[in-house]
Amino acid sequence: MKLSPTEIYTGKNILFIGGTGFVGKVTLSMLLNNFPNVGKIYATVRARNQDESNNRFWNSVVTSPTFDPLREHYGNAFEHFINEKVQPINGDVGNEFLGLEEARARQIMADVDVIINSAGNVTFNPPLESALRTNVVGMQNVIALSKLMKRPAIVHVSTCFVAGIRSGSIWENETVEGYFPRKTELVGTKFDVEKEIEDCARLSEQARQESDDAVQIAKFRELARQRFEEEGRDADDEDDLKSAIFRERKIWIRNRTTELGETRAKYWGWTNIYTYTKSLGEQLLAKERDVVKTIVRPSIVESSVNYPFAGWNEGFTTTAPLILIALRGQPVFPVNEKLILDITPVDLVAGAMLGATMKVLVDDAPPLVFQACTGDSNPNDMKRIVGLVGLYKRTHFREKDTGSKILNAVNARIEATPVTQKSYELLSAPMFTRIAKGATSFLDKATPKWGGGNFGNVVKNIKKSVEEIERTATETERAFELFKPFMIDNEYLYRADNVRELMSQVVETERHLLPWKPEKLDWYDYWLNVHFPGLKKWVLPQLEEDLRLQPKRIHTYKDLLDLFETSTKRFSTRVAMRIERDGKNEQYTFADLRELANRAAGFFAKNDIKQNSRVILFSYNAPEWGLTYFGI
């Protein structure tokens with residue numbers, strides 16, 4: 001029997017977790033637009049309290065361009081419709097009962113027909129604790145919450161890349177429980193998700209214990225003092241230094257847990273902490289026997305084809321940094337030319353999610369996995385993608401009316417070229433990074449310790465330019481390294497057979513309500529006329545801002561005495577005051593200034609001149625005036 005999503009969704013109440021993200025907002029908007037007779041949607045919006053949650057929903061979520069189709073359709077009745085259908089709740093997936101009072105959680109769940117869990121920490125290598133909290137503990141909390149429902153039912157959004165470091169076909173019917181990518185290598189090794197969670201907790205504790213080591217504490221103090229000196233602060237101020245040491249320790253623990261988590265993930269065969277913890281979350285759900293469940297795995301999610309309109313994109317997406325690098329003039333791209341870069345437009349992902357949710361609502365044993373991917377029905381290899389990036393790059397520089405006309409003309413004529421990893425390392429960003437680091441080191445040695453006057457300023461200006469080259473080259477190198485698993489290492493071919501079968505079960509007249517036709521995508525048109533313009537409008541400006549070099553923190557001194565104490569220590573050998581008298585040149589260093597000011601202070605104290613005493617300082621414009629002033 002064919003399925004009618006309109007009938008199935010009518011009157012159904014949904015708990016939507018993670019509806020504030022890129023995929024979540026598009027899915028929530030599409031659900032409301034295509035199935036207006038849906039019941040109540042409880043949408044989690046994390047905030048400090050319920051009032052703030054409501055404000056964030058109405059001011060940040062509903063105002064998003066994602067909801068434009070609904071605004072256009074309902075006009076003045078738009079807010080009434082949203083208010084009638086959506087109830088924001090202040091919920092955090094990392095907390096038991098989402099952080100709600102248990103009675104309130106039970107009340108909501110008794111009314112809910114299905115949970116859509118789209119929450120997730122999507123940073124590739126975040127601190128291990130952070131990823132576990134959202135992707136693993138969050139899954140445990142969602143499962144526990146579902147047990148409060150009359151019919152526990154969960155649609156969980158994961159990622160195709162839980163497959164890990166491997167190549168070949170990735171099927172939807174592969175075993176989820178006990179999976180790890182190196183299973184065929186580590187023969188006889190069992191992978192237990194509960195044991196893994198316990199071990200990860202020990203790793204976090206290990207990092208904290210390591211941070212208490214005496215040598216490590218000394219390093220934190222050393223780093224804190226260096227930071228103080230860079231910011232022009234008094235490194236001998238113990239009170240301020242304590243908080244700075246605490247900050248260095250906190251940063252170190254975060255970086256150490258990331259390092260430990262990444263090492264563990266790669267040992268088992270995952271590309272990073274993100275895919276590792278998402279797989280752990282999947283395995284927790286797969287173990288549940290009394291929950292109706294399915295997992296939706298999107299591939300790389302990018303700009304929409306049609307909904308809410310062509311080219312909508314948001315946030316940090318996979319291709320955005322690579323395209324930004326091309327628009328900065330990068331001519332070569334280290335790629336595996338045969339590798340299929342599996343990209344799925346966000347509205348197709350939303351269609352697959354809503355299709356999977358429809359199935360869970362009517363079937364007690366739906367397929368466990370739906371992969372929202374395009375590579376098996378409409379493959380697009382890296383060689384072609386680099387060519388399309390090159391076409392857009394040339395158009396961009398031809399039309400660019402800012403910057404150097406000569407450089408724009410040159411860049412408009414340089415093709416984007418796919419190269420091997422080895423060629424890239426020899427000829428591109430890594431080479432420039434090495435050269436720039438060498439030049440920076442040389443310039444550091446060439447800068448006189450005493451400042452150097454005009455010569456010192458020339459060296460500083462040259463160094464600033466070299467550091468900018470180094471920064472740009474390093475950013476490029478890091479971006480390519482981050483996406484190397486998806487562009488070079490792993491020749492994935494994800495299969496979407498379950499999604500195709502699901503869509504074939506939908507009545508013909510309603511298939512457009514669940515958009516899923518990846519085979520119809522014209523990649524040339526999509527990349528040049530939809531995706532690139534969408535990124536340029538919605539994503540790249542913010543990405544440029546995020547990557548812009550932030551000015552160094554400038555410390556605000558507590559008072560003039562704080563400035564005096566710090567400066568006379570930091571610049572002790574530099575000249576502070578100079579005067580020519582009677583044909584002789586007199587000069588005082590900052591150390592001299594401090595010593596003489598202290599002598600003056602001692603003289604005043606000896607003569608009973610103390611705090612709140614009234615003093616008139618009367619002198620010619622000479623060093624003695626300043627020395628005496630600071631003595632006072």
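What follows is calculated from the coordinates using simple rules that are stated; it is not laboratory data. Just so it is clear, the model here is predicted, and its values are computed rather than measured. Cβ placement follows ideal geometry from the backbone for every residue including glycine, while neighbour counts extend to all protein chains displayed.
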Ranked by how many other beta carbons lie within 10 Å on average, peptides 266-273, 208-215, 158-165 from highest | 158-165, 266-273, 208-215
Take Glu96, Glu510 and order them by how many other Cβ atoms sit within 10 Å, fewest up front.
-> Glu96, Glu510
In whole Hz, what ³J(HN,Hα) sequence does the stretch 237-252 give by Karplus (6.51, -1.76, 1.60; θ = phi - 60°), x for Gly and Pro?
-> 7, 4, 4, 5, 5, 4, 5, 5, 5, 4, 5, 4, 5, 4, 4, 5
Quick one: net charge of Pro345's neighbours, Cβ under 15 Å, K/R +1, D/E -1?
-> -4
Which lysines have a Cα less than 22 Å from the Cα of Lys250, not counting those fewer than 8 places away in the same chain?
-> Lys219, Lys242, Lys552
Enumerate the calculated ³J(HN,Hα) couplings along the stretch 527-544 in order (Karplus 6.51 cos²θ - 1.76 cosθ + 1.60, θ = phi - 60°), each rounded to whole Hz, writing x wherever the residue is Gly or Pro.
-> 5, 7, 10, 10, 5, 4, x, x, 4, 4, 7, 9, 10, 4, x, 5, 5, 4
May I ask which residue of Ser404, Thr175, Val162 lies farthest towards the positive end of the charge dipole of the chain, with charges of +1 (Lys, Arg) and -1 (Asp, Glu) on Cβ and the Cα centre as origin?
-> Ser404
Near Glu288, within a Cβ-to-Cβ distance under 12 Å, what is the net charge of the other residues, with Lys and Arg +1 and Asp and Glu -1?
-> +1
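Among Lys278/Lys484; Lys422/Lys484; Lys190/Lys287; Lys195/Lys287; Lys338/Lys536, which pairs are too far apart, with a Cα-Cα distance over 18 Å?
Lys278/Lys484; Lys338/Lys536
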Order of Cys200, Cys373 under a 10 Å beta carbon neighbour criterion, fewest first | Cys200, Cys373
Net charge dipole size for the chain [Lys, Arg +1 and Asp, Glu -1 on Cβ; Debye, nearest 20] | 1280
Distant-in-sequence amide H partners of Gly178 (H built 1.01 Å from N, under 5 Å) | Val193
Straight-distance crosslink candidates among aspartates and glutamates, where the alpha carbon sits under 13 Å from Lys537 and sequence neighbours closer than 8 are dropped = Glu314
If each part is reduced to its alpha-carbon centroid, the stretch 365-412 and the stretch 57-129 end up apart, in Å, by 33
